[in-house]
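Before any comments, here is the structure.
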Amino acid sequence: MKTLFTIAFSFIILCATSQVSLKKADADQVFGSKGEIYFALPGSAIDAGILTKVISIDNLRGDTVFAYASKKQFLRLQQGIERNFILLRHPGTLIDPPMTSDLREVLEWNYYPTYEAYVQIMQDFATAHPDICSLHTIAVLPSGRKLLALRISDNVNVEEDEPEFLYTSSIHGDELTGFVNTLHLIDYLLLNYNQIPRITDMINNIDIWINPLANPDGTYAGGNNSVNGAQRYNANYVDLNRNYHDPADGPHPDGEDWQPETIAFMNFAEERDFVMSANFHGGTEVINYPWDTWSRFAADDEWWQFVSHEYADTCQAHSPGNYMNEFDDGITNGYAWYRITGGRQDYMNYFQQCREVTMEISDVKLIPASQLLNHWNYNYRSMLNYMEQVTYGVRGIVTDTITNQPLEAQVYISNFDKDSSMVFSSMPVGNYHRLLKAGTYNLTFFAEGYLPKTIHNVVVTDKESIRRDVKLWNGSAIPAFSANTLTTHAGGSVQFTDISGGNPTSRLWTFEGGNIATSTAPNPTVIYNVPGTYNVSLYVSNSIGGNTLVREDYITVNPDYYIGTLNPTTCYANFFDSQGPDADYTSGENLVTTFTSADPEKVMRISFSSFDLENTSGCTSDVLNIYDGPGIGSPLLASLCGSEVPEDIFSSIAGGSVTFSFTSDAINNFGGWNAIVRCDSGVGIHENKPGNVRIYPNPVRYGSFVVESREAIQQIDICDLSGRLVYRENSDSKVLQIFTHEIKPGTYFINARTDKGVVRGKVQIIAE
Ligand SMILES: [Zn+2]
């Protein structure tokens with residue numbers, strides 16, 4: 001903050017007399033037992049571009065460079081330039097803040113935790129919320145201290161179609177506001193799951209990772225029980241935020257080996273697929289967005305300014321008037337501030353396709369413990385906003401057109417992406433997340449061995465998500481086929497049609513249970529003789545490659561049914577008299593079979609292809625009766641004999657049954673029948689439409705009522721509501737008078753059989 005900023009400058013002015021020539025300084029004396037020093041180089045801002053390669057620049061104020069150096073760096077600096085420098089008190093020793101190892105006190109957020117308390121509280125978070133939180137050890141350092149991360153998500157430890165997000169803090173060990181803030185954030189998220197809908201949504205929809213302490217050896221350089229003595233560098237006096245592979249300056253821009261922390265984090269980033277992250281620092285108050293190493297702007301510069309301003313603006317709205325309001329209203333392009341190389345931010349952006357930003361959240365690196373809660377209050381809304389940004393932009397899953405398997409694909413926006421700003425889909429789910437500022441974009445998807453695919457004119461809106469799932473095709477033939485029916489009967493035939501894509505040049509069908517078993521024809525006809533369910537497969541290929549489509553249990557071959565045997569639920573059956581199609585039925589039969597529609601939306605339709613029963617008037621010798629329901633008490637649909645093949649007969653209730661009852665007398669046996677019983681929509685059965693039978697008067701008070709039909713009524717059945725037959729009359733008239741004295745008062749169904757089928761109605765008979 002400004003006041004502290006002023007104090008710092010006053011301090012420098014006061015100490016102006018203590019300016020010492022670099023060349024004349026004795027490094028042993030300057031360092032004493034210390035491994036790193038903090039100092040100012042007045043008038044050196046002009047040389048920051050060179051100095052940044054030698055020492056670790058922390059800040060620029062006016063023309064003064066503030067920096068850290070290890071002894072090795074200081075010796076190089078002495079060789080390089082002649083300047084006066086001012087040795088400053090190390091920021092990690094300015095205060096001796098209250099520490100606690102009591103976990104309840106840690107959760108009051110007015111203390112810095114001891115190292116052991118930090119480790120313990122991380123474990124406790126995971127233990128207390130095992131469903132949504134798990135603890136991960138990124139690395140154990142040579143010192144024995146650990147790099148820890150908590151993973152917070154629903155179905156934690158399951159890879160889902162969710163973007164991965166990372167918060168990490170205090171890669172500079174003496175910049176500790178973010179350390180406590182991220183611990184506080186963990187606590188806040190876990191406690192508010194299923195309490196605050198927004199937090200619940202975030203945990204359900206984001207794979208959140210939080211690493212509160214990226215440099216524990218630096219932070220606890222003064223011992224595990226105090227952060228007094230915290231240093232910027234790690235145990236080897238290397239600035240970890242200058243130790244990464246740099247997009248411009250190569251793998252070792254600082255001339256140092258990769259440190260254990262650096263290797264651990266690079267491995268961590270390789271294993272995960274972070275979409276967005278931030279690393280927290282202190283020493284000033286600004287959101288520093290890419291790039292740090294280049295003057296050219298990031299492809300997503302507009303988006304970066306948008307999300308950075310959102311962070312800073314929200315902080316400003318919830319803090320004293322001068323918090324985070326310097327630079328460009330609280331944000332800065334990294335290079336425009338001062339160049340650094342080997343920073344984590346650029347590494348994550350360039351090499352990991354992760355949108356990482358550097359967040360400087362307190363002017364003072366080691367703030368008094370009493371100010372920790374204030375800084376949480378300034379920042380937590382912004383921390384949530386920034387995290388939520390990972391759910392916006394364009395997202396989707398990339399899969400193989402043929403196998404539907406997820407693919408690792410590059411998502412590239414032409415005339416937009418540059419400097420490694422493309423993203424990749426993440427395995428094993430195949431999900432991609434392209435964060436974008438509002439606009440219209442063309443996204444091209446590339447995967448090795450696949451034809452590229454461009455999705456044009458994807459319209460992105462700020463703070464909204466748009467989904468575009470993408471299928472990529474490798475160019476090989478895509479098998480597909482259809483059949484004219486999926487069910488048949490023994491001896492029935494099915495015609496298949498090849499509708500494959502990709503211009504197949506060869507083809508091979510395989511028909512399990514079929515006659516023929518294989519074919520290379522485009523539209524083969526296959527006969528099935530044995531009841532069962534059968535797979536059909538089709539292999540097709542072109543010059544690029546071939547694929548096989550197997551459709552399991554694709555064809556169902558129903559058995560033949562003989563009256564008196566099974567009572568099937570089916571949508572297709574061949575139905576015969578007791579001796580089948582090749583023999584006459586026998587004497588004295590009295591057999592019943594019920595078919596039930598396997599399709600709840602359809603009625604049953606009976607189609608006879610042959611019919612031959614002993615013919616007697618009124619079918620008194622041999623007769624096949626068909627009932628509209630599950631038994632012979634159901635309304636009679638037809639009573640058949642003779643040799644005339646009946647027209648199709650329909651049941652009336654969708655998903656219902658039809659019952660056949662056959663009786664034969666002692667002599668004169670005939671061929672019987674062949675019929676198909678199948679499900680049918682019943683659409684177009686005019687007989688079942690209301691209005692084709694008139695009943696009057698209705699209700700009937702006494703005497704008689706009249707049933708009138710357009711066709712001659714051969715037989716009329718009157719059934720009660722339970723389906724029991726109470727009255728039957730045969731006739732050959734279109735108008736029938738029924739006398740009510742034979743029927744008790746009540747409501748009845750009228751089923752009148754005509755030569756066009758059954759007509760129906762309802763009558764109410766009222767007591768006199
Ligand atoms: Zn820093």
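Output the strands (runs of 3 or more DSSP E) that fall wholly within segment 465-521 and possess 2 or more residues being modelled with pLDDT of 90 or more, or say none.
Output list reads 465-467, 470-472, 481-483, 492-498, 506-511.
Might you let me know whether segment 424-432 holds any residue that is in contact with a Leu (Cβ under 7 Å, 6 or more places away or on another chain), surrounded by 15 or more Cβ atoms within 10 Å (Cβ to Cβ) and at negative phi?
Yes.
Are any residues in segment 655-678 closer than 25 Å to residue 557 by Cβ and among the aliphatic types (A, V, I, L, M), and if so, which ones?
Answer for segment 655-678, where residues must be closer than 25 Å to residue 557 by Cβ and among the aliphatic types (A, V, I, L, M): 658, 675, 676, 677.
With the condition being modelled with pLDDT of 95 or more and more than 16 Å from the ligand (Cβ to nearest atom), I'd like the strands (runs of 3 or more DSSP E) fully within segment 327-428 carrying at least 3 qualifying residues.
In segment 327-428, 393-400, 410-413 are the strands (runs of 3 or more DSSP E) which contain 3 or more residues that are modelled with pLDDT of 95 or more and more than 16 Å from the ligand (Cβ to nearest atom).
Starting from residues that are of a type in the set (S, T, N, Q) and in a loop (DSSP other than H, G, I, E, B), keep the ones in segment 161-199 and report whichever is farthest from the ligand (Cβ to nearest atom).
Once the filter is applied, the top-ranked residue is 194.
Take residue 143 and decide whether it is touching a Pro at 6+ places or on another chain (Cβ under 9 Å), away from the ligand (no atom under 16 Å from the Cβ), among the hydroxyl-bearing types (Ser, Thr, Tyr) and at pLDDT 95 or above.
Yes, satisfied.
Just the residues that are among the hydrophobic types (A, V, I, L, M, F, W, C), within 47 Å of the chain's Cα centre (by Cα) and under 15 Å from residue 676 (Cα atoms), please, taken from segment 549-565.
Scanning segment 549-565 gives a single hit, 557.
I'd like to verify a number: residues in segment 303-324 that are buried (at least 18 other Cβ atoms within 10 Å of the Cβ), assigned to a loop (DSSP other than H, G, I, E, B) and not aliphatic (A, V, I, L, M), how many?
The qualifying residues number 2.
Could you tell me whether residue 575 is among the aromatic types (Phe, Trp, Tyr) and under 24 Å from residue 531 (Cα atoms)?
So residue 575 passes the test.
Among the candidates 225, 236, 192, single out the residue that is under 24 Å from residue 127 (Cβ atoms) and out of contact with any Phe, Trp or Tyr (no Cβ under 9 Å at 6 or more places or on another chain).
The conditions single out 192.
Just the residues that are of a type in the set (Asp, Glu) and either away from the ligand (no atom under 16 Å from the Cβ) or surrounded by fewer than 22 Cβ atoms within 10 Å (Cβ to Cβ) (or both), please, taken from segment 257-273.
Passing the criteria: 257, 270, 271, 273.
List the number of the failed condition for residue 244; all other conditions in (1) in a loop (DSSP other than H, G, I, E, B); (2) away from the ligand (no atom under 16 Å from the Cβ); (3) closer than 17 Å to residue 345 by Cα hold.
So residue 244 meets the others, but not (2).
Can you find a residue in segment 652-660 that is surrounded by fewer than 20 Cβ atoms within 10 Å (Cβ to Cβ), assigned by TED's automatic domain parsing to the domain that holds residue 756 and assigned to a loop (DSSP other than H, G, I, E, B)?
Checked against the condition, which is being surrounded by fewer than 20 Cβ atoms within 10 Å (Cβ to Cβ), assigned by TED's automatic domain parsing to the domain that holds residue 756 and assigned to a loop (DSSP other than H, G, I, E, B), segment 652-660 yields no hits at all.
Can you tell which of 324, 276 is within 16 Å of the ligand (Cβ to nearest atom) and in contact with a Cys (Cβ under 8 Å, 6 or more places away or on another chain)?
324
The values are calculated or read from the model by the stated rules, or taken from the named source; none is laboratory data. A quick note: this is a predicted structure, and the numbers were derived from the prediction, not measured. Don't worry about glycine lacking a Cβ; one is built from the backbone with ideal geometry, like all the others, and counts go over all protein chains shown.
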